[in-house]
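Enquirer: After the structure tokens below, expect a handful of questions from me.
FYI, it's all coordinate maths here, none of it is from the lab. For clarity, every value in this text was computed on a predicted model and none was experimentally measured. Heads up, the Cβs are rebuilt from the backbone with ideal geometry, glycines too, and the neighbour counts pull from every protein chain shown.
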Amino acid sequence: MAECHPVGFQWVIEARNRGAKVIHVDPRFTRTSAMANEYVPLRAGTDIAFLGGLINYVLSNEKDFREYLIAYTNAPAILREEFADTEDLDGLFSGFDPETLSYDPETWAYEGAEAAPAAGRRSDIVGDSPPEHSGPDQYGSGGATIGAKPKVDPSLRHPRCVYQVLKRHFSRYTPELVEEVCGVPPEHFRRVAEAITENSGRERTTAFCYSVGWTQHTVGVQYIRTASILQALLGNIGRPGGGILALRGHASIQGSTDIPTLYNILPGYIPMPLAEHELDLDQFVQEDAGQTGFWGNMRAYLVSMLKAWWGAAAAEDNDFCFDYLPRLTGDHGTYQTVLNQISGECKGYFLVGENPAVGSANAKLQRLGMSNLDWLVVRDLQMIESATFWKDGPEIESGELRTEEIGTEVFFLPAAAHTEKEGAFTNTQRLLQWHHKAVEPPGEARSDLWFFYHLGRVIQRKLEGSSEPRDRPLRELVWDYPCEGEIREPSAEAVLAEINGRGPDGPLSMYTQLADDGSTSCGCWIYCGVYADGHNHAANRQPGSEQSWVAPGWAWAWPDNRRILYNRASADPAGRPWSERKRYIWWSDEQRRWVGADKPDFEPTKAPDYTPEPGAKAQDALAGDNPFIMQTDGRAWLFAPAGLLDGPLPTHYEPHESPVANPLYGQGQNPTRQVFDRKYNRYNPPDGVFPYVFTTYRLTEHHTAGGMSRDLPYLSELQPEFFCEVSPELATERELEHLGWATIVSARTAIEARVLVTDRIRPLRMRGRTVHQVGLPYHWGPNGLSTGDAANELLSVVLDPNVHIQEAKAATCDIVPGRRPRGESLQRYVDSYRRRAGIPEEADR
Amino acid sequence: MSSVYRLSGLLADPAGEAGYRDDHPERVGFFTDTSVCIGCKACEVACKEWNLVPEQGLDLLGQSYDNTGALGADSWRHVAFIEQRVPDPSVTSSGTDLGMPGIGAPEQPAAAEEGSGMRWLMSSDVCKHCTHAACLDVCPTGSLFRTEFGTVVVQEDICNGCGYCIPACPYGVIGQREGDGRAWKCTLCYDRLGDGLEPACAKACPTDSIQFGDLDELRERADRRLAELHQDGVGEARLYGRDPDDGVGGDGAFFLLLDEPEVYGLPPDPVVTTRDLPAMWKHAAAAAASVAATVVLSFLGRRR
Amino acid sequence: MSVPRKEAMSEPARTPDGPIEADGIRSYYGRPILKEPVWKVPDVPSYLFLGGLAGASASMASVAELTGHRELVRVGRLAAAGGALASVGALIHDLGRPARFLNMLRVFKPTSPLSVGSWILAPFSGLTSASAGAQLTGVLPAAGRLAGGAAGLLGPAMCTYTAVLLSDTAVPSWHEAYPELPFLFGGSALNSAAGAALVGARPCATRPAIRMGLLGSGLELAASSRMERRLGVVGEPYQRGRAGALLTAARALTVAGAVLSVIGRRSRAASAIAGVAYLAAGACTRFGVFRAGVNSARDPRYVVAPQRDRLRGRGGG
Ligand SMILES: Nc1nc2c(c(=O)[nH]1)N[C@H]1C(S)=C(S)[C@@H](COP(=O)(O)OP(=O)(O)OC[C@H]3O[C@@H](n4cnc5c(=O)[nH]c(N)nc54)[C@H](O)[C@@H]3O)O[C@H]1N2
Ligand SMILES: Nc1nc2c(c(=O)[nH]1)N[C@H]1C(S)=C(S)[C@@H](COP(=O)(O)OP(=O)(O)OC[C@H]3O[C@@H](n4cnc5c(=O)[nH]c(N)nc54)[C@H](O)[C@@H]3O)O[C@H]1N2
Ligand code: SF4
Ligand code: SF4
Ligand code: SF4
Ligand code: SF4
Ligand code: SF4
Ligand SMILES: [Mo]
């Protein structure tokens, strides 16, 4: 966090200065470790075992927050008899289909309840062409739903209740197993376990912060699930100082999931309709909306969005233009798209603020895809590698591609930087923060808003008079933002106002005002209220000294300016704070409402003793002591009866490439991971040819694929060259010299880096075996002032099934001293490795 | 320049000493608390951006994450990185000698003692704006001067590149810019101070490792912080450059360190060279007298 | 020479004359704590040497004037002027352009030996030039005498202020040597001037110069041996590597010059060789001292060790 979120890290320092204990779990000793009270090195890719060990510690020592657990989680829910655990099936859950390598989650459901996603339904296409056609296109991001109230056992003694299942599932995650899997000595593990449990409960809370060290794995989603279970057990969610904080990446990356640049969701996490299903609005809503909880209002959210897009054209009688929405035919994630480019299916590509020729796993695959297009539009601040690969990319150097044979027409359009335009950033804390334009963009550089607005305008003009039905969605789109100044810059505030939404009386102030009858419009329901009263609340900048410690006057948080989600859980079931020290939101009997420094993430006047009428819908179906209002049962899920493709509980699987076998089961890896074993994407077998683990990461001094840092002298001089980090032990083993060169090899290719020998990388000892790890920052590429090979050349594409994220944090390699071969001999060199490892050679090289 | 200029010892008000009227602003400076420095180098970059300091070249130094190396004409802030093995990660307050940061690769690894850990010291160094500033004293052109804030600044339009200030500085701060010949160093953002702004580096520092303010207040704050750390068992914490009765009369920019100063590349007991200047002139005068006497002596006696 | 280049620093701590062991002294990657002097070689050592030569020569010339040693007057005046001008030239070359030398004379700053030195050097070079001009052209001989006399008075200061110039820095081997360095430079200046006289005058006229050389050599050798003995650790750079070799050569040349000046005093050739030895000794002394200082600044040990000792002495640290 200190490395990648240094500004946010000031609060960690502040907390530490006030007595908080900071623990850092990372394969490498980083700037964060330097500031931590406790640093825990572990083998990359093994956190589920580590966190699972903590869960086991909590459960077997009864360190859970029992009242919270019983009232607010699904611990008491009883599961079906047919459910079988990985402990019973040697690493598989019940419902696995070895043909399709996917699960049928039916047996994971609660007894007596039918499971379906909370928003977004599971589709039959899972079976058609797995595993590439699986993923969250089947589920909205609201989680999954359960059709009816489950049977519960508040005593937690029923052998099939979630609590007991959890206990059994994690009982094998002992400190000894943690050591065997993670390389963390039991003593060290115990210190962490004690610190976390001592700092949880009524009086204290523990927070988890994570970022891509946890997500970029073939089990990335389950990593976060494990932390969620732990935090729910300890009662650390919805309370001040608790939570699981995703430290998000790019500026406004949170914003671009809220108003997504993802293919499978619509604004506000509404699922994208599928081609084979949901032919009309009613059907879609019926199948995809949760019946209970706030997803029960999905129709209002969706209709308001359609009204924002198609305005007057969207009416009751035409399903509010629901038909105009594109339909999903399968996985259109970024890696699938690249494979489609190589196979010739995908012909054109926009790269808007992205540099996949350096930044995406298996960078060669990306370049080969881009070389096989008709056209490519790159909008960027710099002449990045993804815009110049056709003339100076690594394949040109190696002779694998020839410039004259690449047919792609590349358009480079200079983009305006954030200082040259206005708009909102939404980052980790869900805050929409407005930024103003400081200077005009130079030369021909234009904002992305400018580009897409005028592109849309020109297309609409070209389609004027078309009577083709297929052109109607474009022709009828409301596309009328006011433009300002010489360069005709569209007003970003006008866009914000549209996102906020309007009703008959002007700007809306909260999503509960949204209607499903076409009387309201709203571009993104969770953002409703950011422009309440026609005022840009994202630009609020009330100084901290002039407001409460929760600081509601600084910018605007979705939803409804609530700073802590699910904060109803900060009070006990009766609505009283769990403790004075951790007081946040509580029920006031005098005022008959929830009060406190923050806005309640709950209906403000729903009393703690409210019990729903039978058959109640949406939020009315949730009781006054159900804090998790987006869930259909209002509870935090220790066990996920639906919504995940790789199991209802997390369990340790080895990374796709790993030098060790899974000590837990015969099933080594996540059985549902997305594998693409094909030319240019061969995998390292676990046979000793690639004996070392490598992990990739960031440096404070550079930014991601480097377009924003490698061209800047002041940043480049701070980390001038690509390097690898190795322990003194590995350096000795492989005769690597400090500041000398090393060649690092995988089945994909070989790259070279300068060597930093450092004690910050430690060999891990696990039951008599030593695992060495190699650290590789991934910022470099051939362009710019500071250059070097890209770490992503080394990685393969292998993905988490739920969200299609690449496993960039754990893979295997070999490392040898010296520089890598150049030109054609590089291929021969890598071929020799492939031969030794028994991997088929790339046939026509 | 007053001829009764004090060359060393306690000096409460260097700006007053330099001739500013009594209503000059309070003396300002930095307290850099290295115990919260995360080595983000925002200070280095902010300084360069604000002051338009040139890039100094792309060199991988292999000194942990330090690729700046040292303070100099083209780096007015320098973040040092020191990797050390410590006996146990949860006990950072050991009094053992931790060894100097290796040159290049660490030594052959110690046998993997159970629970052995490491620490990574980071510290952002800067010109100390000495109470008795040797650089300023020795500057023959008056280019280096004491500001009304008590800081020490080079005037680039007056500097003649004589280079005298450079070996005079007991901290090795000020440097000569290549191809320019003149001397450059931190100005404590003299231009920003004039506008009531805090220096760029302090402004950019996310963790408040760099604290800017009135020197007296900073000294008190530092004393409190030191006591706090000592109480928390961080026995190795110490203040450096805080004391007004040290060899340079106290630093305008002082530090809280977690190890010996020399581990960070700082001199353990710097003394302003001009403290000895009167004695130097005395010896030189005596030597000159000897020369004169010798010449006369040589001519005495019989002419051939 | 300028800021140490970074590449050089990624190497193990070395002086150019060879590695120096760590001796239990801790440091930051063996990097220098101080900035080494940026003064250029040979400019500044030459300036030091020529200034000393000029200063002692001017004094010699004026005493010779008073005592009627006409030949020594001539040689002294010419050496003084030549040395002074060359010295100014070396300084200007180091600075880069003449205006930068004039810039020194903008202010007079008693705390800056370079300012004081400039205010000595500037009139001195003017006066010596005037007297040498009078000497060579025969024009205005009285003014020449007057100028020569004034230069003679400034001469001793010329010989020793450069020692303060070096000592008034943080460079350990220079600073710590401040009590002896002026005597070392003064002595060396005397035998350099004597050397010039031995080269430029006929043997029959050099007797005072020989004596001056002998006394100067004695002074120099006494000062240098005392200095190295007293300095302890920071005296090492004077003994090691190229600096040590230069200073050893200086001593040998001094002794050789002294011996030869006496035993060969009747031979023009022998005297000239003795003179050259003296001059070479003077140059070696300045180059050696200069280099020793640079080396002491480069190696953190010479900064840390004495300061640590000092702290221990105070019971601190
Ligand atoms: N300076 C800077 N800041 C940035 C960025 C940048 O490029 N530069 N990028 C931004 C972006 S886009 C993002 S997504 C965020 C990412 O922020 P982070 O996730 O913090 O970034 P990384 O350095 O990629 O990975 C974090 C750590 O994960 C560790 N790690 C690897 N494998 C494992 C594992 O299996 N378990 C555990 N526990 N740790 C593991 C790595 O050693 C590394 O230290 O940063 C954002 N901030
Ligand atoms: N091996 C490995 N690979 C990784 C990761 C890893 O940890 N390890 N991390 C992954 C993660 S989390 C991320 S986010 C990606 C990042 O990978 P990319 O997104 O491919 O890389 P960036 O360099 O961030 O590309 C952003 C580009 O946007 C440009 N830009 C900046 N502002 C604007 C703007 O306003 N408009 C436009 N049009 N362009 C702009 C910048 O110049 C820059 O070139 O890398 C991923 N790849
Ligand atoms: S770069 Fe921006 S977002 Fe990242 S830490 Fe710095 S201020 Fe925060
Ligand atoms: S630290 Fe050096 S450069 Fe800075 S004021 Fe003191 S003597 Fe001058
Ligand atoms: S280099 Fe410039 S600032 Fe330094 S002493 Fe000479 S004139 Fe003064
Ligand atoms: S005070 Fe100003 S000049 Fe000095 S280091 Fe900080 S930013 Fe640079
Ligand atoms: S900005 Fe602050 S935290 Fe960052 S390196 Fe500088 S002093 Fe340290
Ligand atoms: Mo990211």
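Enquirer: Within the stretch A:513-613, list the trypsin sites (Lys or Arg not before Pro) lying in a DSSP loop whose Cβ has at most 12 other Cβ atoms in a 10 Å radius.
Expert: Counting only loop positions with at most 12 other Cβ atoms within 10 Å, the trypsin sites (Lys or Arg not before Pro) in the stretch A:513-613 are A:Arg581, A:Arg592.
Enquirer: Run the numbers for A:Leu279 and A:Asp589: contour at 0.36 nm per residue of separation, minus the present Cα-Cα distance, in nm.
Expert: 106.8 nm
Enquirer: How much FRET efficiency would the formula 1/(1 + (r/R0)^6) give for A:Glu316 and A:Arg765, where r is the Cβ-Cβ distance and R0 is 51 Å, rounded to 0.05?
Expert: For A:Glu316 and A:Arg765, the calculated efficiency is 0.15.
Enquirer: Under the Kirkwood approximation for Rh and a Cα-based Rg, what ratio Rg/Rh is obtained for the stretch C:36-144?
Expert: Using Cα coordinates only, the ratio equals 1.02.
Enquirer: To test your reading of the geometry: what angle, between 0 and 90 degrees and rounded to tens, separates the Cα axis of helix B:277-299 from the longest principal axis of chain B?
Expert: On a 0 to 90 degree scale, this one is about 40.
Enquirer: In Å, what Rg and Dmax follow from the Cα atoms of chain A?
Expert: 26.6, 81
Enquirer: Could you give the longest part of chain A that holds none of the chymotrypsin sites (Phe, Trp or Tyr not before Pro) found in DSSP loops with at most 14 neighbouring Cβ atoms within 10 Å?
Expert: A:1-548
Enquirer: Toward the positive end of the charge dipole of the stretch A:674-837, about the Cα centre and with charges on Cβ (Lys, Arg +1; Asp, Glu -1), which of A:Thr700, A:Phe723, A:Thr812 goes farthest?
Expert: So the residue furthest toward the plus end is A:Thr812.
Enquirer: Tell me, which longest segment in chain B has none of the GluC sites (Glu not before Pro) that fall in DSSP loops with at most 12 further Cβ atoms within 10 Å?
Expert: Working: sites that count: B:Glu107, B:Glu113, B:Glu114.
The reported range is B:115-304.
Enquirer: Say the cut-off is 28 Å between C-alpha atoms; which of A:Lys582/A:Lys617; B:Lys282/C:Lys109; A:Lys149/A:Lys307 go over it? Kindly include the intermediate steps, with their values, before the conclusion.
Expert: Values: A:Lys582/A:Lys617 32 Å; B:Lys282/C:Lys109 17 Å; A:Lys149/A:Lys307 34 Å.
In this structure, A:Lys582/A:Lys617; A:Lys149/A:Lys307 lie more than 28 Å apart at Cα.
Enquirer: Mind giving me the nanometre distance, one decimal, between the label points for A:Asp90 and B:Asp13, set 7 Å out from Cα along Cα→Cβ?
Expert: About 8.7 nm separates the two model spin labels.
Enquirer: Also, I was wondering about something else. Over 10 Å intervals from 0, what percent of Cα-Cα pairs in the protein assembly as shown sits in each interval?
Expert: It works out to 1, 7, 14, 17, 17, 14, 10, 7, 5, 4, 2, 1, 0, 0, in whole percents.
Enquirer: Which one of B:Gly194, B:Thr32, B:Leu218 has its Cα pushed farthest toward the positive end of the charge dipole of the stretch B:2-273, where Lys and Arg give +1 and Asp and Glu give -1 at the Cβ?
Expert: Of the candidates, B:Gly194 comes out farthest on the positive side.
Enquirer: Sticking with this structure for a sec: For chain C, take the longest principal axis of its alpha carbons; what is the angle in degrees between that and the long axis of helix C:207-231, to the nearest 10 within 0 to 90?
Expert: So the inclination is approximately 10 degrees.
Enquirer: To continue, here is another question. Pop out the Kirkwood hydrodynamic radius of the stretch C:170-317 from its pairwise C-alpha distances, inverse of mean 1/r, in Å to one decimal.
Expert: 15.8
Enquirer: Can you give me the distance in nm between label points at A:Leu474 and A:Glu345, each placed 7 Å from the Cα along the Cα-to-Cβ direction?
Expert: 2.3
Enquirer: Just need the relative contact order of chain A here, percent rounded to a whole number, with Cα pairs under 8 Å and 6+ apart. It would help to have the intermediate numbers written out before the result.
Expert: Working: 1877 pairs, mean separation 139.7, N = 845.
About 17 percent, as a whole number.
Enquirer: Report the GluC sites (Glu not before Pro) located in the stretch A:56-99 that are in a DSSP loop and have at most 12 other Cβ atoms inside 10 Å of their Cβ, or state none.
Expert: Taking the stretch A:56-99 and a limit of 12 other Cβ atoms within 10 Å, the loop GluC sites (Glu not before Pro) found are A:Glu62, A:Glu81, A:Glu82, A:Glu99.
Enquirer: What does DSSP give for the stretch A:674-837 in terms of the percent of beta bridges that are antiparallel, rounded to the nearest 5?
Expert: Roughly 70 percent of the beta bridges in the stretch A:674-837 run antiparallel, per DSSP.
Enquirer: Take A:Arg457 and C:Val139, extend 7 Å from each Cα along the Cα→Cβ direction, and tell me the distance between the two endpoints in nm.
Expert: Reported label-point gap for A:Arg457 and C:Val139 is 8.3 nm.
Enquirer: What is the helix-to-structure angle for C:300-313, meaning the angle in degrees between its Cα long axis and the longest Cα principal axis of chain C, kept from 0 to 90 and rounded to the nearest 10?
Expert: 80
Enquirer: Just to confirm the filter: which trypsin sites (Lys or Arg not before Pro) across the stretch C:202-304 are DSSP coil and have at most 14 other Cβ within 10 angstrom of their Cβ?
Expert: Here the trypsin sites (Lys or Arg not before Pro) that fit, given the DSSP loop and packing criteria, are C:Arg266.
Enquirer: Next question, about the same structure. When the Kirkwood radius is taken over all Cα pairs of the stretch A:448-551, what Stokes-Einstein diffusion coefficient follows at 10 °C and 1.306 mPa s, in µm²/s?
Expert: Reported coefficient: 99 µm²/s.
Enquirer: For the pair B:Ile158 and A:Ser256, what calculated FRET efficiency results from E = 1/(1 + (r/R0)^6), where r is the Cβ-Cβ distance and R0 = 56 Å, to the nearest 0.05? If you can, show how the numbers build up before the last one.
Expert: On the way: r = 53 Å, r/R0 = 0.94.
E between A:Ser256 and B:Ile158, to the nearest 0.05, is 0.60.
Enquirer: Something else now. Counting only other chains, what is the mean number of Cβ atoms within 10 angstrom of the Cβ of each residue in peptide A:732-742? Could you put the intermediate results ahead of the total?
Expert: Working: counts 3, 0, 0, 0, 1, 2, 7, 7, 2, 0, 0.
Partner Cβ neighbours, averaged per residue: 2.
Enquirer: Still on this model: Grab the other residues whose beta carbon is less than 13 angstrom from that of A:Gly688, score K and R as +1, D and E as -1, and report the net. Working shown, then result.
Expert: Numbers: positive: A:Arg769, A:Arg836; negative: A:Glu657, A:Asp687, A:Asp814.
Cβ neighbours under 13 Å give a net charge of -1.
Enquirer: What's the Kirkwood radius of the stretch A:674-837 in Å, using all Cα pairs? Mind showing how you got there, number by number?
Expert: Details: mean 1/r = 0.0609 Å⁻¹.
16.4 Å is the Kirkwood radius here.
Enquirer: With each run of n ≥ 4 DSSP H residues scored as -39500 (n - 2.57), what mean residue ellipticity at 222 nm is computed for the protein assembly as shown after dividing by its residue count and rounding to the nearest 500 deg cm²/dmol?
Expert: Values: 45 runs with 515 residues, N = 1466.
Computed ellipticity for the protein assembly as shown at 222 nm equals -11000 deg cm²/dmol.
Enquirer: Let me ask another. Please report, in Å, the Rg and the Dmax of the stretch A:690-764, where both are computed over Cα atoms only.
Expert: 13.5, 37
Enquirer: Also: How long are the three semi-axes of the equivalent ellipsoid for the stretch B:2-273, computed from the Cα gyration tensor as the root of 5 times each eigenvalue, in whole Å, largest first?
Expert: Each semi-axis is the square root of five times an eigenvalue, giving 32, 22, 17 Å.
Enquirer: In the structure displayed, which of B:Lys48/B:Lys203; A:Lys21/A:Lys599; B:Lys128/B:Lys185; A:Lys364/A:Lys391 lie more than 19 Å apart, Cα to Cα?
Expert: Exceeds cut-off: A:Lys21/A:Lys599.
Enquirer: A follow-up question, please. To make sure I understand the rule: partners must be lysines, Cα under 18 Å from the Cα of A:Lys167, and not fewer than 8 residues away in the same chain. Which ones qualify?
Expert: A:Lys63
Enquirer: Give me the dipole magnitude in Debye, nearest 20, for the protein assembly as shown about the Cα centre, with unit charges on the beta carbon: positive for Lys and Arg, negative for Asp and Glu.
Expert: Charge dipole of the protein assembly as shown: 8920 debye, to the nearest 20.
Enquirer: Now for a separate question. Hey, with R₀ at 60 Å, roughly what FRET efficiency would A:Asp505 and B:Glu228 work out to, going by the Cβ-Cβ distance, to 0.05? Write out the running numbers ahead of the final one.
Expert: Working: r = 56 Å, r/R0 = 0.93.
Computed FRET efficiency for A:Asp505 and B:Glu228 comes out at 0.60.
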